[in-house]
1. Which residues, taken from the stretch 244-275, are under 13 Å from residue 141 (Cα atoms), within 10 Å of the chain's Cα centre (by Cα) and surrounded by 21 or more Cβ atoms within 10 Å (Cβ to Cβ)?
2. For a quick check of your reading of the model, give me the residue pairs whose first member lies in the stretch 419-434 and is under 18 Å from residue 378 (Cα atoms), whose second is part of a loop (DSSP other than H, G, I, E, B) and among the aliphatic types (A, V, I, L, M), with beta-carbon atoms closer than 8 Å and at least 6 apart or on different chains.
3. Among the residues of the stretch 268-278, write down those that are out of contact with any Pro (no Cβ under 8 Å at 6 or more places or on another chain) and either touching a residue at least 24 places away in the same chain (Cβ under 8 Å) or under 13 Å from residue 168 (Cβ atoms) (or both).
4. Residue 157 fails exactly one of the following numbered conditions: (1) surrounded by 18 or more Cβ atoms within 10 Å (Cβ to Cβ); (2) not in a strand (DSSP E or B). What is the number of that condition?
5. Test residue 414 against the criterion of being among the small types (Gly, Ala, Ser), assigned to a helix (DSSP H, G or I) and surrounded by 17 or more Cβ atoms within 10 Å (Cβ to Cβ), and give yes or no.
6. Output the residues belonging to the stretch 373-396 that are closer than 15 Å to residue 431 by Cα and either aromatic (Phe, Trp, Tyr) or not in a loop (DSSP other than H, G, I, E, B) (or both).
7. Which of the residues that make up the stretch 343-360 are hydrophobic (A, V, I, L, M, F, W, C), buried (at least 18 other Cβ atoms within 10 Å of the Cβ) and over 16 Å from residue 316 (Cα atoms)?
8. Report yes if residue 424 is exposed (fewer than 13 other Cβ atoms within 10 Å of the Cβ) and in contact with a Ser or Thr (Cβ under 9 Å, 6 or more places away or on another chain), otherwise no.
Amino acid sequence: MSVDEQGGAGKPIESGANVQWGGRFADGPSAIMREINASIGFDKVMWRQDIAGSLAHAAMLKKVGIISEEDEAAIRKGLSEIGAEIEAGTFVFDEALEDIHMNIEARLSERIGEAGKRLHTARSRNDQVATDFRLWTRDAIDDIAKQVRTLMRSLAERALEYADTAIPGFTHLQTAQPVTFGHHLLAYVEMLSRDLGRLMDARKRLNECPLGSAALAGTSFPIDRDMTAQTLGFDRPTSNSLDAVSDRDFALEYLSVLSIMAMHLSRFAEEIVIWCSAPFSFIRLSDAFTTGSSIMPQKRNPDAAELARAKVGRVLGCMVGLLTVMKGLPLAYAKDMQEDKVPVFEATEAMALTLAACDGMVRDLQANTEQMRRYAGSGFSTATDLADWLVRVLKVPFRTAHHVTGRLVAMAEAKGVDLPDLSLEDMQSVEPGITPDIYSVLTVEASIASRTSKGGTAGTNVKREAEAWLARLKKNEGAA
């Protein structure tokens, strides 16, 4: 194809040149330049979004009279056929055309001729890629949000199942007070609910349409940006063309949300690793989520949990990487910003896999309830209940009760017994007012049942909260 065929004048474009550039560049790029400049290797995943954006743009151009109805129909048909080619795997992606946008546009012109060349009127690759990337990220948010809800539902279902199952509650990884396994699982439902809220907040902020901002200054054509925004499901067009083509806050915010979520899942995965270990033996995972050892035949390694635990490094690295790319870039667009997509794509893939693995493990795990109960009563875990009894029944100031309880714990430790095993005489030697009623609060079951304050671990609370979450999640089924 010569420059004349593109509306210019001069010598034919030599082999290797990018025909989309027109008359400015006659010689093709060096192999190194082509390699560093091309993004088709990774941005081709945005082909659906690119076609959707072009369809909306073409419909708008027809409406305002910039292109004819016939040209718009040809563009629509051509883009539909290109989409079918990509779906079928027969589309040939050309690195010389750099990216998904120019690959599709060039193929469109091949298929429908002059009408295809009119598609790019009143837009630039700058606003085109910004629009496509927002559309892709919005779709990714919707997909991740569905996975988060699925995991929340699985956790709430298991929480309901284990609403009365005692497990040690830890601080500093030391036994603190008895809680229920259901209560522990619901803690992660709460974390994920905040992650879900952040995802929806990020989606709301990104849902403005850059299309029509052109290269950086807007366009002189009488376009209808409200129409394209509405067609593509955006809330409104962006308000500043410079910001629209250079903004990647939406990608950074999305990566930030994923980083926090990955951290939450890493904490959960770490607990699974601990609970699976032989010294704890709180839960068991089946062969579906464990692996063996190449040398130790007895091993059952919780590799799915360990890999889920590690994914936060990849996701957080993606966020830091993009922050570093964007730091110090002057307005408006710079080619540095081509590096924006890989971290978002990689983080999304890592998070989708991590969520699936965590959901699978939640559904798969089986609790060793006897072991959990035994450990729940270890380490003088009902000492706080003893102190609370002294305050409530004997009207002792809490600080005094704390001191009395500490002495009783020291006595029990010296005798090699737990608090409920101390005799009444032993207890009265420290605090004469103690009565036999003290033993009613020193069991694991009594301790758990007493924690009825809002947000407490009592089984009645856990059942109510689990059922409330399940009802809420069912109501929101199918939500973005």
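The values are calculated or read from the model by the stated rules, or taken from the named source; none is laboratory data. As the structure is a computational prediction, the values presented were derived from the model and not from experiment. Cβ atoms come from the backbone with ideal geometry, glycine included; neighbour counts cover every protein chain shown. Just the protein is used for accessible areas: all its heavy atoms, side chains included, with ligands, DNA and RNA removed. Shrake-Rupley method; radii C 1.70, N 1.55, O 1.52, S 1.80 Å.
1. 254, 255, 257, 258, 261 - these are the residues of the stretch 244-275 that are under 13 Å from residue 141 (Cα atoms), within 10 Å of the chain's Cα centre (by Cα) and surrounded by 21 or more Cβ atoms within 10 Å (Cβ to Cβ).
2. Short answer, once both residue conditions are applied: 419/442; 420/442.
3. Matches in the stretch 268-278: 268, 269, 270, 271, 274, 275.
4. (1)
5. No.
6. 383, 386, 387, 388, 389, 390, 391, 392, 393, 394 - these are the residues of the stretch 373-396 that are closer than 15 Å to residue 431 by Cα and either aromatic (Phe, Trp, Tyr) or not in a loop (DSSP other than H, G, I, E, B) (or both).
7. 357, 358 - these are the residues of the stretch 343-360 that are hydrophobic (A, V, I, L, M, F, W, C), buried (at least 18 other Cβ atoms within 10 Å of the Cβ) and over 16 Å from residue 316 (Cα atoms).
8. yes
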